[in-house]
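The values are calculated or read from the model by the stated rules, or taken from the named source; none is laboratory data. Fair warning: this is a prediction, and the values are worked out from it, not measured in the lab. Glycine also receives a Cβ, built like all others from the backbone with ideal geometry; neighbour counts cover every protein chain displayed. Note: accessible area is taken over every heavy atom of the protein model, side chains too, but ligands, DNA and RNA are not part of it. Shrake-Rupley method; radii C 1.70, N 1.55, O 1.52, S 1.80 Å.
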Amino acid sequence: MTVSNTSKRRQPSLAQLRAFSAVAEHLHFRDAAAAIGMSQPALSGAVAALEDTLGVTLLERTTRKVLLSPAGERLAVRARAVLDEVGALLAEAEAVRAPFTGALRLGVIPTVAPYLLPTVLRLVHDRYPDLDLQVHEEQTANLLDGLTTGRLDLLLLAVPLGVPGVVELPLFDEDFVLVTPLDHPLGGRSGIPREALRELNLLLLDEGHCLRDQALDICREAGRADAPVTTTAAGLSTLVQLVAGGLGVTLLPRTAVRVETTRSDQLLTGYFTEPAPTRRIALAMRTGAARRAEYQELAAALREALRPLPVRVLGTGDRPVPTGD
């Protein structure tokens, strides 16, 4: 029997790879140790042991900072991939052993979280009591980064994303409405043409929010060439209060209307002529996710739970499913 030189070499441990990956991410021993719950001396020892095992210098240490060596730059990518695969292996074993148990790290965009999370949390509590749901509210770009790097398991956000390696599970479509001050000529009207958006002083969310991009797309479709940005806000609650104060009008998704417009008696809601501008909300997961079947089942359960909301629930093939209202 022939034994290759490769098989004779010592193998790095997962603890060593985890320590090095943390240092590569944080470029700081104390921060890296805190991130993975390891003491700083143990982390330094693990990285040194990995360098000895591999026979290469991974880090350039100075009195002020830590840098990756050229070899460290290359091998950090490999180490992260190995850890991700081990995580996927453990997740798949857990899913096979007991579906809907353990942690599920759900990322949600801010323009969805306040309006859908009550339904999501109630569903998980009632139907999946052994599931440890952990919610992270972030903007779309951060959520996608978290999903692709393995920090998050599942996302609840507006689609389409068009991101390779990400599968979308559509939940529903919802219309946008026009929120105006009491004295606005379009306040409370139905059948508002989209073209009316060409002349309105439209208030938007800050950059980074997908709802801002959707509103700008709607304006462009209505024939508005300029970006209607004079005043912006970090959240929908502030945006609606600016409208109540007479600074302009804004677009709200239907799921946000009841929560946001009841905060003030100085607002009116107008509805667009059909087909109204819409957005689609979906769950998103990694292609080949170990818990794919669970996420698909959760999406189906969510569609049913969301029927009482003012939305058009979708089927698994993106076909609208009639709601009960």
- Taking a spot 7 Å from the Cα of SER190 along the direction of its beta carbon, which residues of region 251-275 have an amide N less than 12 Å from it? 271-274
- With every protein chain left in place, what is the accessible area per residue of region 61-180 in square angstrom, probe 1.4 Å? 51
- When every protein chain stays in place and a 1.4 Å probe is rolled, LEU14, LEU116 sorted by accessible area with the largest first are LEU14, LEU116
- Sum -39500 (n - 2.57) across every DSSP H segment of at least 4 residues in the chain, then divide by the residue count to get the 222 nm mean residue ellipticity, nearest 500. -13000 deg cm²/dmol
- Scalar couplings 3J(HN,Hα) for region 177-186 by Karplus 6.51 cos²θ - 1.76 cosθ + 1.60 (θ = phi - 60°), nearest whole Hz, x for Gly and Pro, are 10, 9, 9, 10, x, 4, 8, 7, x, 9
- Quick one: which of 243-252, 177-186 comes out on top by average Cβ neighbours within 10 Å, and what's the full order, highest first? 243-252, 177-186
- Item | Added length on full extension, which subtracts the Cα-Cα distance from 0.36 nm per residue, LEU247 to ASN201 | 15.8 nm
- Which of the following values of Rg/Rh (Cα atoms, Kirkwood Rh) was calculated from the structure shown: [x] 1.16; [y] 0.97; [z] 1.09? [z]
- Of all accessible heavy-atom area on the chain, the percent that carbon and sulfur account for (1.4 Å): 52
- Of all DSSP beta bridges in the chain, antiparallel share, percent nearest 5: 65
- Under a 1.4 Å probe, counting only protein heavy atoms, SER237 has an accessible area in Å², nearest 10, of 50
- Query: Could you sort ARG258, ARG9, ARG307, ARG151 by accessible area so the largest value comes first, with the probe set to 1.4 Å?
  - Reply: ARG258, ARG9, ARG151, ARG307
- Accessible-area order for GLU199, GLU294, largest to smallest, probe 1.4 angstrom, reads GLU199, GLU294
- Could you tally the net charge around GLN134, taking each other residue with its Cβ under 10 Å from the Cβ of GLN134, Lys/Arg +1 and Asp/Glu -1? -1
- Task: Please turn the phi angles of region 134-145 into ³J(HN,Hα) values with the Karplus equation 6.51 cos²θ - 1.76 cosθ + 1.60 (θ = phi - 60°), one per residue in order, whole Hz, x for glycine and proline.
- Result: 10, 9, 10, 9, 8, 6, 4, 4, 5, 5, 5, 5
- Message: Assuming 0.36 nm per residue, please report the length gained on full extension of the stretch ASP183 to GLU221 beyond their Cα-Cα distance.
- Response: 11.0 nm
- Query: Which ³J(HN,Hα) values, rounded to whole Hz and listed in residue order, are derived for region 152-167 from phi using the Karplus coefficients 6.51, -1.76 and 1.60 in 6.51 cos²θ - 1.76 cosθ + 1.60 with θ = phi - 60°, glycine and proline given as x?
  - Reply: 10, 9, 8, 10, 10, 7, 7, 10, x, 9, x, 10, x, x, 10, 9
- Query: Between VAL108 and residues 5 or more places away or on another chain, which pairs have amide H atoms under 5 Å apart, with H built 1.01 Å from N, and which residues are they?
  - Reply: HIS136, GLU137, GLU138, LEU156
